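Working notes, beginning with the structure itself.
The values are calculated or read from the model by the stated rules, or taken from the named source; none is laboratory data. Predicted model, so just to flag it, every value in this text is computed and none were measured. Cβ placement follows ideal geometry from the backbone for every residue including glycine, while neighbour counts extend to all protein chains displayed. Please note that ligands, DNA and RNA were not included when accessible areas were found on the heavy atoms of the full protein model with its side chains. Shrake-Rupley method; radii C 1.70, N 1.55, O 1.52, S 1.80 Å.
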Amino acid sequence: MTMRIGRGPAALLAGALGFALVGCASNDATAPSAEGSASSGTAPAGQPDANGDGKVVIGVLSPGDINDNGYYESFVVGAEKFATEKGWQVIKRGNVPPTEALSAARALCQQGVDLVALGASELKDAIPASEEPVCAKTSWYVPSSENIPQTPRVTLSSDDPNQSMLAAGYATGLVMQAKNATKAGFVTGMEADFSVNAAKAYKAGIRMVVPNATLVTTYTGDFNDSAKAREAVQAQISQGVKVVYPYLGGATDAAAKLANTGGALTLTPGTDRCDSTDPRFDISVIFDPGAYFAAALELFAKGEMTLGTTKKWELGKDPYPAVKICKATPEQTQKMDAFVADVASGKTDTAATVAKLGS
């Protein structure tokens with residue numbers, strides 16, 4: 001999963017709503033809120049009924065489990081909630097391998113969707129279909145990361161992962177400071193550029209508060225394998241880790257529950273779950289892709305979603321991304337607010353801070 005920050009959101013709505021949509025909540029193919037800054041562009045005529053067939057159909061592809069109670073599911077939940085309100089239909093498919101992204105996108109276009117939305121940038125190989133005749137009458141939405149170039153038929157949603165992960169680390173540092181803790185853990189899946197850089201930014205944020213802090217990082221090789229995630233968490237707790245960040249997909253809850261049992265504090269990888277009791281989370285790191293997508297769908301509904309542009313979301317300037325200490329003291333809240341304000345104003349150079357403290 002390409003975790004992006006404040007790449008943002010509202011509380012997870014999964015399971016709380018009944019959706020009258022095309023398709024069921026499975027991983028198989030089935031039949032104005034926040035606004036970030038955007039580059040200029042032109043919205044194509046016909047939105048939201050881009051193909052002019054008298055109905056609006058949203059097609060969603062996800063590389064992960066769309067019932068994962070977290071990052072991947074939040075993207076689909078956002079689409080379904082908005083579509084329900086508008087009387088639109090949703091066709092969705094989860095667990096799409098990157099090698100099948102292109103063919104899966106073509107299949108959506110053949111089903112007459114008006115908008116193709118990719119749940120994460122791992123499926124970027126689907127993007128060439130946007131220029132093919134089969135998808136000529138579709139708009140496209142893609143959560144961006146550094147490795148996705150802008151193309152004429154695609155709206156990208158982007159943010160700076162240094163911002164949210166540094167903020168996550170800073171919040172962790174505050175709770176560690178209150179408990180006189182100096183060792184934290186980071187459990188993630190593949191050892192890819194984005195996960196390695198996320199760990200560095202997280203470590204840097206912790207060290208802004210606890211200068212002598214150490215971070216134990218474990219790459220399980222799989223964001224969704226609960227057994228591997230639990231094994232990693234158990235090993236870290238055995239090493240004296242007091243905070244575990246399960247930077248995972250479908251394995252998030254399994255890792256968090258074990259962390260709860262071991263007495264370690266936990267963070268969310270993308271959604272606001274401060275109200276969750278099983279598992280419990282102590283810090284919500286909010287970069288729910290569903291919130292960004294919902295904002296794009298609002299523009300799409302108005303015929304104002306511009307293709308060939310990028311919407312960039314910034315900590316402290318937009319509602320998302322955001323980081324919340326679930327049971328913060330007044331002093332912790334004050335310090336977090338000051339940190340966010342410094343990032344938003346440019347007083348804190350996130351890239352320089354990560355380079356200095358994250359190694």
Compute the separation of the alpha-carbon centres of the stretch 105-122 and the stretch 213-266 and state it in Å as a whole number.
33 Å
Rounded to whole Å, √(5λ) for the Cα gyration tensor eigenvalues of the chain, largest first, gives 35, 21, 17
Counting only helical runs of four or more DSSP H residues, what would the 222 nm mean residue ellipticity of the chain come to if each run contributes -39,500 (n - 2.57) and the total is spread over all its residues?
-11000 deg cm²/dmol
Take the solvent-accessible surface of the protein heavy atoms, probe 1.4 Å, and return the percent of it on the chain that carbon and sulfur atoms account for.
50 percent
Take MET176, MET208 and sort them by solvent-accessible surface of the protein heavy atoms, 1.4 Å probe, largest at the top.
MET208, MET176
Sites LYS55 and ASN212, calculated FRET efficiency, Cβ-Cβ separation with R0 51 Å, nearest 0.05:
0.30
In sequence order, calculated HN-Hα J values of the stretch 283-294 (Karplus, 6.51, -1.76, 1.60; Hz; x Gly/Pro)
9, 9, 9, 9, 9, 4, x, x, 5, 5, 5, 4
Per residue accessible area in Å² of the chain, where ligands, DNA and RNA are left out and the probe is 1.4 Å
38 Å²
Provide the solvent-accessible area of SER359, counting protein heavy atoms only and rolling a 1.4 Å probe, rounded to the nearest 10 Å².
100 Å²
Evaluated over the stretch 250-351, the Cα radius of gyration and Dmax, each in Å:
16.6, 51
With a sphere of radius 12 Å drawn around the Cβ of SER238, what net charge do the other residues whose Cβ falls strictly inside it have (Lys, Arg +1; Asp, Glu -1)?
0
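Do any trypsin sites (Lys or Arg not before Pro) in the stretch 290-359 lie in a DSSP loop with no more than 12 other beta carbon atoms within 10 Å, and if so, which?
Passing sites in the stretch 290-359 are LYS302, LYS327, LYS347.
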So what's the net charge close to THR182: Lys and Arg +1, Asp and Glu -1, counting the other residues with Cβ under 11 Å from its Cβ?
+4
Starting from the Cα gyration tensor of the stretch 70-126, take the square roots of the eigenvalues, sort them a ≥ b ≥ c, and report rounded, prolate or oblate (rounded when a/c is under 1.5, otherwise prolate if a/b is larger than b/c, else oblate).
oblate
Computed E for ALA45/MET190 - FRET, C-beta separation, R0 51 angstrom, nearest 0.05
0.80
Determine the alpha carbon to alpha carbon distance for each of LYS124/LYS302; LYS200/LYS257; LYS203/LYS347; LYS55/LYS86 and list only those over 18 Å.
LYS124/LYS302; LYS200/LYS257; LYS203/LYS347
Counting DSSP beta bridges in the stretch 143-283, what percent are antiparallel, to the nearest 5?
5 percent
Of the beta bridges DSSP finds with both residues in the chain, what % are antiparallel, to the nearest 5?
15 percent
